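Report on one structure; see the data block that follows.
Just so you know, all these numbers are worked out from the coordinates, no wet-lab data involved. If you're wondering where the values come from, they're calculated on a predicted model, not measured in any experiment. Glycine also receives a Cβ, built like all others from the backbone with ideal geometry; neighbour counts cover every protein chain displayed.
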Amino acid sequence: MTGAATVAVTGYGLHLPDADLTADFPFLAGRIPPGRACPPDQAHVILGRKGLLGKDAATRLALCAVHGALRLAPGAARPAGPPDPGTAVVVSSNLGNVASVVDTARSAREGGRRAISPLAVPNASSNVVASTVAIWFRLGGPNVMVCSGATSGLDAVALGTLMLRAGRARRVVVVGTEPADDDALALYRERTVPASPLRAGAACVVLEPDGPPGTPRLGLVRTERWPANAPSRSRLVSWLDGAAGSELDLAGMCGDLYGAAGVALVALAAGLSGHPGADGVVEVECGDGADGGRAAAVRAAGEDGPGG
Amino acid sequence: MSVLVVSCVARTCLGDDAETFAALLRGECGVSSLRHFPARQLNVTSGYQLPRQRGEPAPYAGSWLAGCVTEAVRRAGLDPNRQRVAVLAGTGLRELRAVERWALDGGAVCLEDLHFTGPVRRAAPGVTSVLTLSNACSAGGYALALGQDLLELGEADAVVVAAADTMTESMLAMIGRFADEPADRVRPFDSGRPGVLLGEGAAAAVLVPEGEAAVPPVARMLATGLSCDAHHETAPDPDGIRRAMAGAFERAGRAAREVDVVYAHGTGTVLNDPAEAAVLTDVFGSDGAGPLVTAVKGAVGHTSGTSALTSLAMAVHSLRAGVVPPVVGLREPLGEGRGLRLVRDRPRSADVRLAQINAFGFGGVNAVSLIAGPP
């Protein structure tokens, strides 16, 4: 158990229906499909129609992000066969099953137990996204659901790294996803710290001990003490080409992805890699005064960079 | 490798961990009429609930968790301001009860109430990170696994592994939706088991690296094996369970024949008990030479994400006292369990050196832990 302290980010996917990613982040052009990602109710365009009945919005968004990170073409069939015990799944989401829980409780109050759809059963448990990703893509390794608030996305990334280093998996699919349905939006308004408006979206990064030359490498996720009154923050600071850092305020640009933010930041940092002049360190951080802060460094390798 | 368990506390409907263990030995069942919920409408009329203390602030899971964390840290002699102490809090249902009350009854909630960072930081100021793992009914087992990993990789000086669960109206509605008749109690591994009932509870354990205990350890944590069935959202799959057990033995460097007692998951449901019993029979054989098998849910209910740590606390008492409590509520074992040495009716004295703790959750998330007596 003396795994290296850095791991390779061998794949990434971003699925943000309310943002035009290639316009906001030109470095992503040619790397993700252009234009806006489909909303949860159109997820069949990416995933195919079969199996989506009863799946909540956070789960649909998550599946789309993983589909992209595994480099499956839109509409391409998902893997079949026995589960791969060597691939773990870590998902971060805070609001994912809130609407399902409220709906189920409300239905039971109003119409009695028979009013509840059997399809809603798995959604009562908060880990439904993580287990659905495992079932959908046949991933049988450890399966973890993290619901830690504003730091949750980088908490999930930290656990992904931990499981590689501990020899629990040889590949980890890390996902962050949040819905923005009415219940999620209403609950989000009960936040005690200042924050950007909630936006629906999902992101995925694939972590492995090593990747091909030029693969970006992720360092250990650090815990930071932020003052209790610190507003919510999710941002990326790049130190490319040795120039002064340029800051990218993800929440300011796209709205707050909350539990998905930390994963989206690592995905964006990985997306910077491989560009001319992208040989340097990208710092990402997310959190707020209530939950504290988490930060990590991604070493983005340029076309001629040292990479791994 | 292994780490030390320097404290382990639990709270169930039967009391603290010592009181719960004593009640288990007496074969007591902590079930009562379901309070605080529209029982008839939900078709769930019984539950294993904690008393609400006078003045105890809602939401409750965080408050119970904080109580256990405070006590575990105190007993372990930890100082989070001087050591890097990480906290992993497992839960099945988070504070979703508070969200239901907010949505349906106009109760107050803040977004940060959903997870346990706030209660843990107030209970143990100075801790580094607080992660809430919502891994259904194996959350506590997952927290044990990842806590041991953090220590073995040097990412923390000590880890508090904690868990807490209350009940939600939505989960009760799901249980009632599929029950013909409301269950009156949980009967793990019984041929006539009426189904599952939820239990409320909380637990916390402090893990430190070998040689780093400030107080005499209560057990040695050998390893936890993890897996996901990747099979079905709610039905367990024997292959996934088997992989988690094999992982635990491999990581611990132990063999199945060395296990003296299994604290089984034993939910008393139609699906879990036959699958679990079949795998246990597979792994340990049915020739009477296998370990004693017990389960706590007949006495304290299904405490969801807290289940693994409730069993851990009871297993620690078994290591110390050399006695294994019976499966409360078990009358006639189900067919798949006939080859197992299920402890029935009264406690069994045993030289317990190696104990196994099973925890399986919705979504096919499995955690199997192995603990041994303290060095």
Task: Signed unit charges on C-beta, dipole axis of the stretch A:7-300, positive-most listed residue A:A76, A:S100, A:L265 - done: A:A76
Open item on the list: Sort A:38-48, B:321-331 by the packing proxy (mean of other Cβ within 10 Å over each peptide's residues), most packed first.
Closed with: B:321-331, A:38-48
Task: Listed peptides A:207-216, A:83-92 by packing density, highest first (mean Cβ within 10 Å) - done: A:83-92, A:207-216
- [ ] In debye, nearest 20, what is the charge dipole magnitude of the stretch B:3-372 about its Cα centre with +1 on Lys and Arg Cβ and -1 on Asp and Glu Cβ, if you could check?
- [x] 700
Open item on the list: Let me make sure I get this right: for the stretch A:123-251, a, b and c are the square roots of the gyration tensor eigenvalues over alpha carbons, sorted descending. Under 1.5 in a/c it's rounded, otherwise prolate if a/b > b/c, else oblate. Which is it?
Closed with: oblate
TODO: Could you please rank B:S349, A:S107, B:S170, placing first whichever residue has the fewest other Cβ atoms within 10 Å of its Cβ?
DONE: B:S349, A:S107, B:S170
Task: Top positive-direction residue, dipole computed over the stretch B:215-254 with Cβ charges, set B:G240, B:A252, B:L226 - done: B:A252
Open item on the list: 5 Å is the cut-off here: which amide hydrogens, built 1.01 Å from N in the peptide plane, fall below it relative to A:N127, excluding neighbours closer than 5 in sequence?
Closed with: B:A136
TODO: May I ask for the angle, rounded to the nearest 10°, between helix A:128-137 and the longest principal axis of chain A, with both axes built from Cα atoms and the value confined to 0 to 90°?
DONE: 70
- [ ] In whole Hz, with x marking every Gly and Pro, tabulate ³J(HN,Hα) for the stretch B:163-180 from phi via Karplus 6.51 cos²θ - 1.76 cosθ + 1.60, θ = phi - 60°.
- [x] 7, 7, 8, 10, 9, 10, 5, 5, 6, 4, 4, 5, 5, x, 4, 10, 9, 5
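Charges only on Cβ, +1 for Lys and Arg, -1 for Asp and Glu: so what's the dipole of the protein assembly as shown about the Cα centre, in debye to the nearest 20?
On the way: 61 positive and 68 negative charges, 233 e Å.
Roughly 1120 debye, rounded to the nearest 20.
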Open item on the list: Based on alpha-carbon centroids, what's the gap between the stretch A:50-85 and the stretch B:129-200 in Å, whole number please?
Closed with: 27
Open item on the list: To make sure I understand, if each residue's beta carbon is the centre and we count other beta carbons within 10 Å, what order do B:F37, B:F116 fall in, fewest to most?
Closed with: B:F37, B:F116
Task: Tilt relative to chain A, helix A:261-272 - C-alpha long axis, 0 to 90 degrees, to 10 - done: 40
Task: Cut-off under 5 Å, modelled amide H: who pairs with B:G90 long-range - done: B:L133, B:A162, B:A163, B:A164
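Whole number please: convex hull volume per residue, Cα atoms of the protein assembly as shown, in Å³.
Looking at the protein assembly as shown, the number lands at 136 Å³ per residue.
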- [ ] Arrange A:I116, B:I241 by Cβ neighbour counts within 10 Å, fewest through most, would you?
- [x] A:I116, B:I241
Open item on the list: Which one, B:G211, B:G266, B:G361, has the greatest fluctuation when you compute a Gaussian network model over chain B with C-alpha springs under 10 angstrom?
Closed with: B:G211
Open item on the list: Using a 10 angstrom Cβ neighbour count of at most 12 plus a DSSP loop assignment to flag exposed trypsin sites (Lys or Arg not before Pro), which longest range of chain A is free of such sites?
Closed with: A:72-188
Task: Nearest 10 degrees, 0 to 90: helix A:98-111 Cα axis against chain A principal axis - done: 0
Open item on the list: Which of the three applies to the stretch B:285-372, rounded, prolate or oblate, going by the alpha-carbon gyration tensor with a ≥ b ≥ c and a/c under 1.5 meaning rounded?
Closed with: rounded
Open item on the list: Compute a Gaussian network model of chain B, connecting alpha carbons closer than 10 Å, and tell me which residue from B:E210, B:E258, B:E56 fluctuates the most.
Closed with: B:E56
